[in-house]
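Okay, structure first, notes after.
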Amino acid sequence: MPRRVTVLGATGSIGTSTLEVLARHPERYRVHALTAHRSREALLAQCRVHRPALAVLDAEGDAAWLRARLGEAGLATEVRAGVDALVEVAEADEVDTVMAAIVGAAGLLPTLAAVRAGKRVLLANKEALVMSGALFMDAVARHDATLLPIDSEHNAIYQCLPVEHRGGLARHGVTQLLLTASGGPFRGWTAADLVAVTPDQACAHPNWSMGRKISVDSASLMNKGLELIEACWLFDARPDQVQVVVHPQSVIHSMAAYSDGSVIAQLGNPDMRTPIAYGLAWPERIEAGVEALDLFQIARLDFEPADETAFPCLRLAREAMAVGGTAPAVLNAANEVAVEAFLDGRLGFTGIGELVARVRDARPVEAARDLETVLAADALARQAAHDWLARQ
Ligand code: NAD
Ligand code: MG
């Protein structure tokens with residue numbers, strides 16, 4: 001029987017790569033549901049090809065439009081709207097695997113619903129885990145979900161660790177996780193150089209083609225900060241056990257260092273279809289359409305430390321993880337507002353780190369007791385961020 005897959009955020013960069021991998025293996029996978037925010041044309045095109053049982057858009061107006069087009073095309077896909085529908089397609093009984101590829105906090109509820117329904121959850125939506133940390137990992141354990149990291153670095157570390165790696169790194173002889181970073185388009189730039197950079201410059205990543213939000217995060221190194229937090233939760237690591245290593249070629253996707261001196265790395269061309277195929281097929285391997293790595297063409301691999309003076313977001317994230325509680329949720333919310341303002345031309349690039357620091361200083365940290373506390377911290381941090389922007 002083919003596995004049934006829901007793709008949350010199907011029209012995005014990760015979503016389309018996921019559908020490419022799924023289409024290579026029709027005997028293994030069937031698409032159950034595809035979801036998008038507003039991209040109704042893109043979702044229509046995907047429905048024509050993948051013929052899901054369900055499609056979900058945010059607004060009822062867009063859903064009605066899609067329903068009409070699918071009807072004209074004689075397709076039986078049912079169309080729904082809103083967050084409840086996202087949750088439903090994430091937890092549906094028919095579904096084995098959920099690709100969590102919505103960007104930002106909007107992905108938290110459906111991703112958590114998939115976890116609570118005990119699905120195989122392929123986690124690209126790092127913001128969901130950053131926000132809810134312990135609550136998310138507790139739900140994974142309690143509901144016996146299978147959580148497979150899709151973020152290339154975490155997927156690499158997963159591949160470099162022993163199969164059973166719960167209960168702290170030290171128990172398994174792991175001394176450090178080496179989280180590689182490309183350094184983004186502004187590697188080597190000073191804080192003064194960064195003041196006038198534009199959204200298009202920030203989104204022109206040297207090695208990866210991605211959605212605009214994560215592209216800006218990669219340029220500010222907030223992405224690496226969010227990934228540091230993500231690694232702590234996924235692998236039971238303390239922040240000081242995760243070292244960021246700038247590696248401009250993006251060929252080593254991350255490493256695990258062991259007490260006997262061994263360092264195990266995972267290498268490959270920078271193509272998200274590799275971690276996506278790994279997550280879909282684990283513990284087996286399937287063809288992903290990715291070109292074989294040509295080491296002679298790459299010829300050299302370079303490494304350098306990250307510059308946390310020009311790129312303060314990495315430090316802000318590490319500090320938020322050390323503080324714990326709702327601090328990572330506040331960091332994430334402030335960053336989402338800051339990135340949106342930067343992309344809209346309302347905030348300069350260096351304003352991103354400044355805004356995140358201001359919101360952090362303005363918001364109290366609470367214990368992340370339950371989801372309501374986390375969602376309230378997220379909402380209040382967004383409000384504080386908008387207030388600060390309005391005063392500029
Ligand atoms: P993207 O912007 O290309 O796509 C986002 C998808 O989510 C789209 O389908 C969009 O319609 C949907 N979406 C956006 N806002 C939504 C909302 N409010 N409600 C419901 N759906 C919404 O983003 P992406 O680059 O594919 O990234 C997706 C996630 O994967 C992010 O969390 C990102 O950090 C993570 N990730 C991406 C990459 C990459 O290479 N693109 C790598 C690692 C991790
Ligand atoms: Mg990554």
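Couple of notes before you dig in:
- For the range 147-187, the set of residues classified as of a type in the set (Asp, Glu), touching a Leu at 6+ places or on another chain (Cβ under 9 Å) and part of a loop (DSSP other than H, G, I, E, B) consists of Asp151 only.
- Per the conditions (1) of a type outside the set (S, T, N, Q); (2) within 23 Å of Thr198 (Cβ to Cβ); (3) not in a helix (DSSP H, G or I), the sole criterion not satisfied by Ala368 is (2).
- Selection status of Thr373, in contact (Cβ under 8 Å) with a residue 24 or more places away in the chain, of a type in the set (Ser, Thr, Tyr), over 30 Å from Arg3 (Cβ atoms) and not in a helix (DSSP H, G or I): no
- Scanning the range 114-172 for residues that are of a type in the set (Asp, Glu) and within 16 Å of ligand 1 (Cβ to nearest atom) yields Glu127, Asp151, Glu153.
- Residue check for Ala45: modelled with pLDDT of 95 or more, out of contact with any helix residue (DSSP H, G or I) (no Cβ under 8 Å at 6 or more places or on another chain), farther than 18 Å from Asp151 by Cα and more than 16 Å from ligand 2 (Cβ to nearest atom): yes
- Looking only at residues of the range 170-184 that are out of contact with any His (no Cβ under 8 Å at 6 or more places or on another chain) and surrounded by fewer than 22 Cβ atoms within 10 Å (Cβ to Cβ), we find that the one that is farthest from Cys203 (Cα to Cα) is Arg171.
- Verdict on Ala55 being free of Cβ contacts under 8 Å to residues at least 40 places away in the same chain and either surrounded by fewer than 19 Cβ atoms within 10 Å (Cβ to Cβ) or within 16 Å of ligand 2 (Cβ to nearest atom) (or both): no
- Residues located in the range 252-270, provided they are surrounded by fewer than 19 Cβ atoms within 10 Å (Cβ to Cβ) and out of contact with any Ser or Thr (no Cβ under 8 Å at 6 or more places or on another chain): Asp260, Gly261, Ser262, Val263, Ile264, Leu267, Asn269
- Residue match in the range 240-247 (condition: more than 12 Å from ligand 1 (Cβ to nearest atom), among the charged types (D, E, K, R), without any contact (Cβ under 8 Å) to a residue 24 or more places away in the chain and assigned to a helix (DSSP H, G or I)): yes
- From the options Leu194, Leu178, residue that is over 24 Å from Gly15 (Cα atoms), within 16 Å of ligand 2 (Cβ to nearest atom) and touching a Ser or Thr at 6+ places or on another chain (Cβ under 7 Å): Leu178
- Filtering the range 59-113 to residues that are more than 16 Å from ligand 2 (Cβ to nearest atom), in a helix (DSSP H, G or I), surrounded by 15 or more Cβ atoms within 10 Å (Cβ to Cβ) and small (Gly, Ala, Ser) leaves Ala63, Ala85, Ala90, Ala105, Ala106, Ala113.
- Across the range 114-146, the number of residues qualifying as crowded, with 22+ Cβ neighbours inside 10 Å, away from ligand 2 (no atom under 16 Å from the Cβ) and of a type in the set (A, V, I, L, M) comes to 4.
- Residue within the range 320-332 that is assigned to a helix (DSSP H, G or I), touching a Gly at 6+ places or on another chain (Cβ under 7 Å) and buried (at least 24 other Cβ atoms within 10 Å of the Cβ) present: yes
- Within the range 230-239, if we keep just the residues that are part of a helix (DSSP H, G or I) and more than 13 Å from ligand 2 (Cβ to nearest atom), the residue that is farthest from Leu301 (Cα to Cα) turns out to be Trp233.
- Residue within the range 200-213 that is under 18 Å from Leu314 (Cβ atoms), part of a helix (DSSP H, G or I), touching a Gly at 6+ places or on another chain (Cβ under 8 Å) and not small (Gly, Ala, Ser) present: yes
- Identity of the residue in the range 29-40, closer than 16 Å to Arg51 by Cβ and either within 16 Å of ligand 2 (Cβ to nearest atom) or not small (Gly, Ala, Ser) (or both), that ends up surrounded by the fewest Cβ atoms within 10 Å (Cβ to Cβ): Arg30
- Considering residues of the range 201-229 that are free of Cβ contacts under 8 Å to residues at least 60 places away in the same chain and polar (S, T, N, Q) only, the residue farthest from ligand 2 (Cβ to nearest atom): Gln201
- Ala281 passes every criterion in (1) surrounded by fewer than 16 Cβ atoms within 10 Å (Cβ to Cβ); (2) within 19 Å of Leu123 (Cβ to Cβ) apart from (1).
The values are calculated or read from the model by the stated rules, or taken from the named source; none is laboratory data. Just so it is clear, the structure is predicted and the values come from calculations on it, not from any experiment. Neighbour counts are summed over all protein chains in view; Cβ atoms, including those assigned to glycine, are modelled from backbone coordinates with ideal geometry.
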